[in-house]
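Here the structure is laid out as structure tokens; the discussion comes afterwards.
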Amino acid sequence: MKHSKFPCQWLHSGTWHDVVYYYDRKTQTQRQRKYVKPRISESNRRMGAIMKQLMLINPSKAYRQDCETYALRYRYEHSNDQYGPMFACWTNVFCSLMYKLAKKYPDIDLAVITRQDIEKQDLPCRTLAKAIEAGLLPAVRNHQYLQSVL
């Protein structure tokens, strides 16, 4: 993989002639690699079904804003961490939360979960504050104010 130092992360990104260009935040370099078409497998199909179902839950605008606030606080407080999640947007926070929920509660299937299931079972993912207190997400400062309902 070739890489070079560029002053701007938006200088080159995307694909061109079977090469993928991207910016690496950790090393602050522009990188390129050969494009590899992913093989279709059963796990890819399952992941696609899960992501489709999670987006069908359609969290409220206030919940999305809480996820954005959480992502911003997490990036600020953990900016020096080499490993671990670096949440870029609300969907990263939401999907990470739901996967941790499925790991903690093995009887939950993310491919079929609905908003009604979450409300009926009163799962801790209904608010970010409950999710953080349940250990599904790492704590951030003033997380108790992230009380918007899914």
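FYI, it's all coordinate maths here, none of it is from the lab. A quick note: this is a predicted structure, and the numbers were derived from the prediction, not measured. Virtual Cβ from ideal backbone geometry, glycine too; neighbours counted across all protein chains shown.
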- Full-extension gain in nm, Cys95 to Arg46, via 0.36 nm per residue minus C-alpha separation: 16.2 nm
- Message: Within 10 Å of each candidate Cβ there may be at most 15 other Cβ atoms; applying that plus a DSSP loop requirement, which chymotrypsin sites (Phe, Trp or Tyr not before Pro) in the stretch 76-143 survive?
- Response: Tyr83
- Message: Counting only other residues whose beta carbon sits under 14 Å from that of Cys125, what net charge do I get with K and R as +1, D and E as -1?
- Response: +3
- Query: Using r as the Cβ-Cβ distance of Glu119 and Val20, and R0 as 30 Å, what FRET efficiency do you calculate, to the nearest 0.05?
  - Reply: 0.15
- Task: Pairs to check: Lys34/Lys100; Lys100/Lys120; Lys61/Lys120; Lys37/Lys100. Give those whose C-alpha atoms are more than 26 Å from each other in this structure.
- Result: Lys34/Lys100; Lys37/Lys100
- Item | For Val19, distant residues with modelled amide H under 5 Å away | Tyr35
